[in-house]
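The values are calculated or read from the model by the stated rules, or taken from the named source; none is laboratory data. Values in this document were obtained by computation on a predicted structure and should not be read as measured data. Cβ sites come from the backbone with ideal geometry, for glycine too, and all protein chains shown count toward neighbours.
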Amino acid sequence: MEMEENTWGFVMWCVVGGLFLCLAVYTWFARKPVGFWANVEMFEVTDVKKYNREVGGLFGVYGLVMIGLGIPILVGNSAWVMLSVVGVMAESIGAMVFYTLVIEKKYRK
């Protein structure tokens, strides 16, 4: 029974990672600049297409790494599962730093 619960946990983890992959595809093809931060007014962008491609790439890498970080959930050992949780926290902070220092700095008018 425990293996089945671990599998369902991993599937749900992958669904969340998959949502980021869907967001990446949407962002890649968007015609207006897609904001990274929630509930923040979007700044003027110098090149909308390149900006959206970079943000889409960031979301895509985030989703793939998130799915990879979910693999310890299949093991079911709580110590390994903590690696998944701490890994996603570190990944999120890294994505925010990368967006702010690289993407936003490059494309803000």
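Does M96 meet the test of being closer than 26 Å to W13 by Cβ, at pLDDT 95 or above, in contact with an Asp or Glu (Cβ under 8 Å, 6 or more places away or on another chain) and not aromatic (F, W, Y)? The answer is no for M96.
Results for (1) at pLDDT 95 or above; (2) of a type outside the set (K, R); (3) under 19 Å from the mean Cα position of the chain (by Cα), shown as yes or no for each residue.
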| position | (1), (2), (3) |
| --- | --- |
| N39 | no, yes, yes |
| K49 | yes, no, no |
| L58 | yes, yes, yes |
| N77 | no, yes, no |
| M82 | no, yes, yes |
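Taking the condition of being touching a helix residue (DSSP H, G or I) at 6+ places or on another chain (Cβ under 9 Å) and under 30 Å from E4 (Cα atoms), how many residues in the stretch 43-78 meet it? Counting residues in the stretch 43-78 that are touching a helix residue (DSSP H, G or I) at 6+ places or on another chain (Cβ under 9 Å) and under 30 Å from E4 (Cα atoms) gives 18.
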